[in-house]
Amino acid sequence: MNNKNSDTIQFEEENSNNLDKDTIQANKDKQDPDDNKAFRRAYRTPVSTSDPISVKIGNKSYTVGNITNKGIQIYFSEKEEFQSNQELDTIELIIENHSMSLKGRTVYIAQEDLETYSCGIDFNPYPQNEQHYPAIKNFIDKKHQELFK
């Protein structure tokens, strides 16, 4: 199980069906050209309750567990509150007073302990080409500087 207050970076493996352009380019340097299995590692940057980040889905606020440039992990207490592959049309992510209205999709549901569940949410579309990307990137960069002092 994941520690909700962890100061470590978690790695995530994804299969080749969900690769982005950077990953495809990086995989061109593989040693075995016949190997069709491609994996990438994405950093999940841990978030603490004291960080200037919050999220609302619908009218309810959630604690953010970690963030990537393409999504977040949130915690919740009611088992049936989210389902895997659920479309989320009203995500309000606030990072350091920068409010972003996003859409997304749940990619997993996990039980953290007896009373806490988590889910991973991919932003859709990814906010990389929008005005919101710099706020997400700056927050992640600051967190990485703290973690890798």
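Could you tell me what fraction of 2.2 N^0.38 Å the Cα radius of gyration of segment 47-147 comes to, as a two-decimal ratio?
Details: Rg = 13.0 Å, N = 101, 2.2 N^0.38 = 12.7 Å.
Cα Rg divided by the expected 2.2 N^0.38 Å: 1.02.
For a quick protection proxy, order the peptides 86-97, 132-143 by their average other-Cβ count within 10 Å, most packed first. Can you show the working numbers first?
Numbers: 86-97: 14.8, 132-143: 16.5.
Result, highest mean first: 132-143, 86-97.
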Legend entry - Interchain or long-range residues, amide H under 5 Å from Q86's placed H: T106
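Expected output is a single nm value to one decimal: the length gained when fully extending between S99 and K60, i.e. 0.36 nm times separation in residues minus the C-alpha distance. What is it?
Values: separation 39, 0.36 × 39 = 14.04 nm, distance 1.54 nm.
So the chain would gain 12.5 nm between S99 and K60.
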Legend entry - Contour excess over end-to-end distance, with Cα ends at H144 and E81 and 0.36 nm allotted per residue: 19.6 nm
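Each reported figure results from applying straightforward, stated rules to the coordinates on display, with no laboratory input. Quantities reported herein were computed from a predicted structural model and do not represent experimental measurements. In this analysis, Cβ positions are derived from the backbone assuming ideal geometry, glycine residues included, and neighbour counts consider all displayed protein chains.
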